[in-house]
Amino acid sequence: METRGDFEVQLEGMREYYRGGNTRGASWRKSQLRGLGRLLEEREAEMNAALEFDLGKHPVESYRDEIGSLIKSVNYALGCLKGWMSAEKAKLPLAAVLTTAEIIPEPLGLVLIISSWNFPFGLSLEPLIGALAAGNVVVLKPSEVAPRCSSLLANVLPAYLDPKAVKVVEGGPTISEQLVQQKWDKILFTGSARVGRMVMAAAANHLTPVTLELGGKCPAVLDSLSNSWVREVAVQRILGSKFSACAGQACIAIDYVLVETKFSSTLLELMKAWISKMLGENPRESRSMARIVNKNHFFRLKTLLEDPNVKASIVYGGSMDENSLFIEPTILLDPPLESGLMQDEIFGPLLPIITLKKIEDSINFINSRPKPLAIYVFTHNDSLRKRMVAETSSGSVTFNDAMVQYVADTLPFGGIGESGMGNYHGKFSFDTFSHHKAVVRRSFLVDFWFRFPPWNDHKLQLFRSMYLFDYLGVLLTVLGLKKSKQD
Amino acid sequence: MAGEDKKQQPFDSKAASSLVAELRGAFASGTTRSYQWRESQLRGLLRMTDEHEQDIVAALRSDLGKPELESVLYEAAMLRNSCKFALKELQRWMMPEKVKTSLTTFPSSAEIVSEPLGVVLIISAWNYPYLLSLDPVVGAIAAGNAVVLKPSEIAPATSALLAKLLGEYMDSSSIRVVEGAVPETTALLEQKWDKIFYTGNGRVGRIVMAAAAKHLTPVVLELGGKSPVVVDSGINLQIACRRIIVGKWGNNNGQACIASDYIITTKDLNELETFYGKNPLESKDLSRIVNSDHFTRLTKLLDEDKVSKKVVYGGERDPTKLQIAPTILLDVPRDSLIMNEEIFGPLLPILTVDKLEESFDIINSGAKPLAAYIFTNDKKLKEHFVNNVSAGGLVVNDTTVHLAVHALPFGGVGESGIGAYHGKFSFDAFSHKKAVVYRSFMGDAAIRYPPYTNGKLRLMKALLGGSILGILRALFGRS
């Protein structure tokens, strides 16, 4: 167990290494990204085993949500790196003769990534891709709640990445607390809003910028759809996003569904049918559903269902097995809105269906609650679409599907309000770990003599024209043909 | 309405909370979101600045002794330009940005939509009190937010003028000014805002960010630091000096966040006399020190034992008029007070080094400043400087001019700040970039869902790998 002193010495060593310029060049950054690529290829089996052990994930789920997505991101970063690293020219007005301006991205320095347990590889390595592409040195703190994954990262990363630039620190809340007290050039945190507040408060001591990827209750709004085939696609996508991504333990999983009352029974029947098709008659046996990560969360979810009014609203499922930490896919119809189930982020395989008179009421429903990380809307109605985008606020909005925004490299992934601040993925990852430095280069040859004191009205008039980019005015004033304004 | 009530009752937590509630109601009604509203408010700011330029100049003279030209140039004209630029670009800024989608989400289309954050708090500084209050307001309005502005009480005439004018020219259902000092600012900081924009020093910046953390409020902090000027030999020294001088003493007598704080060179400079005449204290072209606290602070820097003998020019001061003459010091010790805090005044230490490259180490060993400057004709030195000195912004062969370039982000890094603004960066600072994906019901991949099989795994690998051939192979069961 390292002492605080040891740890600070290590960090200073990393800062030294950074200051030596070792991480700045494109070739170092590419080598790190390639190292990650090789890790993902070569260690897939071990990663699958760790995810199975910690979360009961099936390899296809692991690949779809973590390994495959990371491979895509590594390749994308490798392909884009040169462009990302290059300076961006800034437009200058004509008056700025013989002057150039550009924005140069530079690394921030020593950054901290704190990851979560539900997608332990994805949420550790996706930010890492950005931090390394941007040329930083990194400390990664994986979640102890997924211990096998955490120790795999600690063991394996040094073999594929520059060990002087990337360190993994394992441990629980005490270690995290110690870590955030240090001086970092950036912190990217994925987790709960409660801990997010503590991270930001600690960062404030050092004026450290933060990206906080938090959560919330992501609603799915299900409008009436034209035909049964489309309805089935919608239902599959909803069920897939709830039950088959870490059993609903995902920040962008659908938390609850909003639907018009007249449609609720059809919806229910469709859901029951598709749950059997996707997860089989015995979901626990089928290994197509992850389990609850630990007893803490298991009991948290169990307690949500113990509220008698909530229990009464269960229309499907509800059975739980403490030994295997398994909760079967559960659907509830109109549980009370003040219940814990409808107030806190569920983060589990319990799916409330809330019925509304009109589907447009979903807008007020959503707006009267904290801003979620994502809103999902299944509709053909163009005006509902426009209203949803214009009148609600969330990290993102996805139409006719769920969770897919996660794999889009060109879209910023992040929250707003209680669901977070800042974003990443694709170029946004590179940017979030960079400082965009403004650089102006001037020539000695051209200057405006009227820049300098002593001041007089003549110079003031010149400036007035200058600032309006009134070149003719400047000329006239210089020639003495335009008099200064007297207010 | 506006700032008048505050004289009647104290602006406490309760008042702050009801102010925020009122503005939230205004924001929720959708008033601030339309292009028309934003445009009308920006035009209001423009008219206000045009019609009251003399009042602004008078307020700045009262608060800071600021010369008219500096007020017109660095405050009024710059604010006007900001408004005009925003008006010109607003429609474009408000449009969603279409983005490419890839095979992984095929078929789909996507865009990034800019939406206002909601109700924002802008806390301004005293040295450019008109500009630093309203420039962020331009961004907040352009982005469609409701705004509370808290101008600095250390520039009271400007603060009162802003309260009066904004009350007259702006839509007071959504734009308000709260005047006051620490108690009022504290009451404001207790509330939940959708963004806080603060200009000032690092000590208060930390307080602002800690308060923001309680509500998960994102912040922009425009702070300061010691902006160094590296001066090489083999350059046109006269021009360099002029530029340095106007960048220091022509900018509120050195009380500016991007004023040159100190010089590192292998030579020394001596152009000052030409500009300010023989008796600089009498010069009307220089701002005075803003108040006696800062006057005392600055004289303390000058009078420190190890420093007081290093004055090579100037050093005169008049406590009654709060004036300090432009002062140059040579080779003060690195551990002196003057070399360890942001000077923010008309004192310019010059450090000499043997080799200019040493200057980079000196700069990098301290906190990252808001700006850093170098005067040189040596191409290699220029590039080395640009690539290795980290600061908010850099200028080669001049000082402070980057402030006026709309296309450049203006902000710090590390101790000098978080976030940036100016031009489109202002609009972005006060916007949420919302990702919107439009998916079709077609093209569903059963491979996404359970039951999971090896065939699905193969296909998925091919799909995420993005190779058409790979996909075909997987579909036909051969990979």
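The values are calculated or read from the model by the stated rules, or taken from the named source; none is laboratory data. All values derive from a computational prediction rather than experimental measurement. Here Cβ is always computed from backbone atoms with ideal geometry, including for glycine, and neighbour counts include all displayed protein chains. Areas reflect the complete protein model, heavy atoms only, side chains present, ligands, DNA and RNA absent. Shrake-Rupley method; radii C 1.70, N 1.55, O 1.52, S 1.80 Å.
What to note about this one:
- Selection status of B:T186, away from chain A (no Cβ under 13 Å) and without any contact (Cβ under 8 Å) to a residue 24 or more places away in the chain: yes
- Residue within segment A:385-404 that is within 19 Å of the chain's Cα centre (by Cα), part of a helix (DSSP H, G or I) and either within 10 Å of chain B (Cβ to nearest Cβ) or closer than 27 Å to B:G25 by Cβ (or both) present: yes
- Inter-residue pairs, beta-carbon under 8 Å, first more than 8 Å from chain B (Cβ to nearest Cβ) and farther than 17 Å from B:L221 by Cα and in segment A:205-216, second outside any loop (DSSP other than H, G, I, E, B) and of a type in the set (V, I, T), 6+ apart: A:E213/A:T190
- Among the residues listed as A:L94, A:L110, the single one being open to solvent by 10 Å² or more (accessible area, probe 1.4 Å), among the aliphatic types (A, V, I, L, M) and either over 21 Å from the mean Cα position of the chain (by Cα) or at pLDDT 95 or above (or both): A:L94
- Failed item in (1) assigned to a helix (DSSP H, G or I); (2) open to solvent by less than 40 Å² (accessible area, probe 1.4 Å), with A:R38 passing the rest: (2)
- Of everything listed in (1) facing chain B (nearest Cβ under 9 Å); (2) closer than 29 Å to A:I187 by Cα, the single unmet condition for A:N367 is (2).
- Residue that is farthest from A:A101 (Cα to Cα), among those in segment B:360-396 that are of a type in the set (S, T, Y) and within 24 Å of the chain's Cα centre (by Cα): B:S365
- Matching option when the condition is within 11 Å of another protein chain (Cβ to nearest Cβ) and of a type in the set (V, I, T), among A:V257, A:V233: A:V233
- Selection within segment A:138-168 - crowded, with 20+ Cβ neighbours inside 10 Å and among the β-branched types (V, I, T): A:V138, A:V139, A:V166, A:V168
- Residues satisfying the stated conditions in segment B:350-398, i.e. open to solvent by 10 Å² or more (accessible area, probe 1.4 Å), of a type in the set (D, E) and within 11 Å of another protein chain (Cβ to nearest Cβ): B:D361, B:E383
- Checking segment A:63-84 against the condition returns a match, with at least one residue being open to solvent by less than 20 Å² (accessible area, probe 1.4 Å), without any contact (Cβ under 8 Å) to a residue 24 or more places away in the chain and of a type in the set (S, T, Y).
- Residue ID - farthest from B:Y421 (Cα to Cα), chosen from residues in segment A:88-108 that are touching a strand residue (DSSP E or B) at 6+ places or on another chain (Cβ under 7 Å) and assigned to a loop (DSSP other than H, G, I, E, B): A:T99
- The residue that is most open to solvent (accessible area, probe 1.4 Å), counting only those in segment A:415-428 that are farther than 16 Å from A:P372 by Cβ and either facing chain B (nearest Cβ under 7 Å) or more than 9 Å from the chain's Cα centre (by Cα) (or both), is A:K427.
- Restricting attention to segment A:180-198 and to residues that are within 8 Å of another protein chain (Cβ to nearest Cβ) and touching a residue at least 60 places away in the same chain (Cβ under 8 Å), the residue that is nearest to A:M403 (Cα to Cα) turns out to be A:A193.
- Of all residues in segment A:176-194, those that are in a helix (DSSP H, G or I), under 23 Å from A:E16 (Cβ atoms) and among the hydrophobic types (A, V, I, L, M, F, W, C) total 2.
- The single condition among (1) within 20 Å of the chain's Cα centre (by Cα); (2) open to solvent by less than 20 Å² (accessible area, probe 1.4 Å); (3) in the same structural domain as A:D431 (by the TED database) that A:M198 does not satisfy is (2).
Residues checked against (1) open to solvent by 40 Å² or more (accessible area, probe 1.4 Å); (2) part of a helix (DSSP H, G or I); (3) at pLDDT 95 or above:
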site: B:R24; (1), (2), (3): yes, yes, yes
site: B:Q36; (1), (2), (3): yes, yes, yes
site: B:R47; (1), (2), (3): yes, yes, yes
site: B:V57; (1), (2), (3): no, yes, yes
site: B:S62; (1), (2), (3): yes, yes, yes
site: B:V72; (1), (2), (3): no, yes, no
site: B:K84; (1), (2), (3): yes, yes, yes
site: B:E89; (1), (2), (3): no, yes, yes
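- Test: residue in segment B:142-153 that is outside any helix (DSSP H, G or I) and surrounded by fewer than 22 Cβ atoms within 10 Å (Cβ to Cβ): yes
- When B:P96 is tested against (1) closer than 30 Å to A:P412 by Cβ; (2) more than 11 Å from chain A (Cβ to nearest Cβ), just one condition goes unmet, and that condition is (2).
- Qualifying positions in segment B:324-349 - touching a Ser or Thr at 6+ places or on another chain (Cβ under 9 Å) and acidic (D, E): B:D331, B:E342
- Test for B:E111: is it surrounded by fewer than 23 Cβ atoms within 10 Å (Cβ to Cβ), in the same structural domain as B:R38 (by the TED database) and not in a strand (DSSP E or B): no
- If you go through segment A:360-414 and keep only what is of a type in the set (D, E, K, R) and either more than 25 Å from A:L225 (Cα to Cα) or open to solvent by 30 Å² or more (accessible area, probe 1.4 Å) (or both), you end up with A:E360, A:D361, A:R369, A:K371, A:D382, A:R385, A:K386, A:R387, A:E391, A:D409.
- Verdict on B:A160 being among the small types (G, A, S) and open to solvent by less than 10 Å² (accessible area, probe 1.4 Å): no
- The single condition among (1) more than 11 Å from chain B (Cβ to nearest Cβ); (2) not in a loop (DSSP other than H, G, I, E, B) that A:H435 does not satisfy is (1).
- Under the condition of being more than 14 Å from chain B (Cβ to nearest Cβ), in contact (Cβ under 8 Å) with a residue 24 or more places away in the chain and surrounded by fewer than 19 Cβ atoms within 10 Å (Cβ to Cβ), the residues counted in segment A:16-35 number 6.
Table: residues versus (1) part of a helix (DSSP H, G or I); (2) under 16 Å from A:G248 (Cβ atoms).
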{"residue": "A:S264", "(1), (2)": "yes, no"}
{"residue": "A:A273", "(1), (2)": "yes, no"}
{"residue": "A:S288", "(1), (2)": "no, yes"}
{"residue": "A:R291", "(1), (2)": "no, yes"}
{"residue": "A:H297", "(1), (2)": "yes, yes"}
{"residue": "A:K311", "(1), (2)": "yes, no"}
{"residue": "A:G318", "(1), (2)": "no, yes"}
{"residue": "A:N323", "(1), (2)": "no, no"}
{"residue": "A:P335", "(1), (2)": "no, yes"}
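- Scanning segment B:319-364 for residues that are of a type in the set (S, T, Y) and not in a loop (DSSP other than H, G, I, E, B) turns up B:T327, B:T352, B:S359.
- The residue that is nearest to A:N423 (Cα to Cα), counting only those in segment B:212-258 that are hydroxyl-bearing (S, T, Y) and either at the interface with another protein chain (Cβ under 10 Å from one of its Cβ atoms) or surrounded by 24 or more Cβ atoms within 10 Å (Cβ to Cβ) (or both), is B:T217.
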